[in-house]
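J.: Have a look at this one before I ask anything.
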Amino acid sequence: MIANTPKPPYYAVIFTSLRTGVNEDYLDTALEMERLAALQPGYLGHESAREETGITVSYWKDLESIKNWKQVSEHQMAQKKGREFWYSAYKTRICLVEKDYGFNLSSI
């Protein structure tokens, strides 16, 4: 599903990861992080694809909202598990979205 984001500007956090193959609790934790993120003030939506390389893009109103999400204790515990078990490498990028456009066949 494509996130229904507002008119720019807003922020995108791009999390790209390489998995180790350890799967214990991974899916449950990922789903819980999606649920908790959606409850955070400033959260606008997300898109995710998970295979060997995982990419999750979450959208946020402002940098303060991103900072606050990073400090949520359950999110910090998931980050720790990611470094210790689930990921052999990851990179996080924070970007200002200045323009977006798209196409949706169902809206024609």
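The values are calculated or read from the model by the stated rules, or taken from the named source; none is laboratory data. Please read all numbers here as calculations on a predicted model, not as lab measurements. Counting neighbours? That spans all protein chains shown, and the Cβs are built from the backbone with ideal geometry, glycine included.
J.: Can you pull out the residues in the range 62-102 that are in a loop (DSSP other than H, G, I, E, B) and of a type outside the set (S, T, N, Q)?
T.: Within the range 62-102, ASP62, VAL72, GLU98, LYS99, ASP100, TYR101, GLY102 qualify.
J.: Considering only the range 33-42, I want to know if a residue exists there that is part of a strand (DSSP E or B) and either among the β-branched types (Val, Ile, Thr) or more than 20 Å from LYS81 (Cα to Cα) (or both).
T.: No, every residue in the range 33-42 fails to be part of a strand (DSSP E or B) and either among the β-branched types (Val, Ile, Thr) or more than 20 Å from LYS81 (Cα to Cα) (or both).
J.: Ok, one more. Considering only residues that are of a type in the set (Val, Ile, Thr) and in contact with a helix residue (DSSP H, G or I) (Cβ under 7 Å, 6 or more places away or on another chain), look in the range 72-108 and name the one that is surrounded by the most Cβ atoms within 10 Å (Cβ to Cβ).
T.: VAL72
J.: Looking at ALA38, ALA49, can you tell me which residue is hydrophobic (A, V, I, L, M, F, W, C) and surrounded by 12 or more Cβ atoms within 10 Å (Cβ to Cβ)?
T.: ALA38 is the lone residue from the list that is hydrophobic (A, V, I, L, M, F, W, C) and surrounded by 12 or more Cβ atoms within 10 Å (Cβ to Cβ).
J.: If I ask for residues that are under 24 Å from VAL22 (Cβ atoms) and buried (at least 16 other Cβ atoms within 10 Å of the Cβ), which ones from the range 53-71 would you list?
T.: GLY54, THR56, VAL57, SER58 - these are the residues of the range 53-71 that are under 24 Å from VAL22 (Cβ atoms) and buried (at least 16 other Cβ atoms within 10 Å of the Cβ).
J.: Now for a different question. When residues of the range 10-20 are filtered for being out of contact with any Lys or Arg (no Cβ under 9 Å at 6 or more places or on another chain) and either modelled with pLDDT of 95 or more or closer than 10 Å to VAL97 by Cβ (or both), how many remain?
T.: The number of residues fulfilling the criteria is 1.
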